[in-house]
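First the structure, in the form of structure tokens, and then the observations on it.
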Amino acid sequence: MAFGLVYGEMTAERIEASLPVEPPVQQPFGLVHGGVYSTIAESICSNATAVAVASEGKIAMGQSNSATFLRPITEGTVHAVGTRRHAGRTTWIWDVDFTDDNGKLAAMVRMTVAVREMPA
């Protein structure tokens, strides 16, 4: 990701990442832009799923996401924790919680990742 996403722990069930709050990710009023949360969720969930299914000759890509915003983050770091809710043959579903530096929940994203055969 071009704007500084840092990956932490990653397993087939859980993934962590963080992003410093800087002008490229803020909208004109200083809030982290809503699209950034969706971008982070798709990036981390697709990546974790891809790593988990690669040994089966499969690939993963974002299929859909739904974001809910609870409070703004204007400074510090955005912390993301994705938890896998479902690992099916053709779709994986993740819930991603976004918190500020004080651990306050700022946003939630439900992410569906498509799992497909590796193209020939």
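Some points to look at:
- Distance from the range 66-85 to the range 35-62 (C-alpha centre basis), Å: 17 Å
- Separation in nanometres of the label points that stand 7 Å from Cα toward Cβ, at THR83 and LEU105: 1.0 nm
- Charges were assigned to the Cβ only: +1 to each Lys and Arg, -1 to each Asp and Glu. The resulting dipole of the chain about its Cα centre is roughly 420 debye.
- From helices alone, the chain scores -5500 deg cm²/dmol at 222 nm; the rule is -39500 (n - 2.57) for each run of n ≥ 4 DSSP H residues, then divide by the residue total.
- Restricting the range 1-98 to GluC sites (Glu not before Pro) that sit in a DSSP loop and have at most 13 other Cβ atoms within 10 Å of their own Cβ leaves GLU13, GLU75.
- If the segment from ARG71 to ALA12 were pulled out straight at 0.36 nm per residue, it would be longer than the present Cα-Cα gap by 18.4 nm.
- Approximate shape of the range 6-117 as ellipsoid semi-axes (Cα gyration tensor, √5λ), whole Å, largest first: 26, 12, 12
- Helix 34-53 and the longest principal axis of the Cα set of the chain meet at an angle near 30°.
- For chymotrypsin sites (Phe, Trp or Tyr not before Pro), the sites in the range 1-83 that DSSP calls loop and that have at most 13 other Cβ atoms within 10 Å are PHE3, PHE29.
Read the figures in this text as sums done on the coordinates, not as results from a lab. Source: prediction; values computed, not measured. Virtual Cβ from ideal backbone geometry, glycine too; neighbours counted across all protein chains shown.
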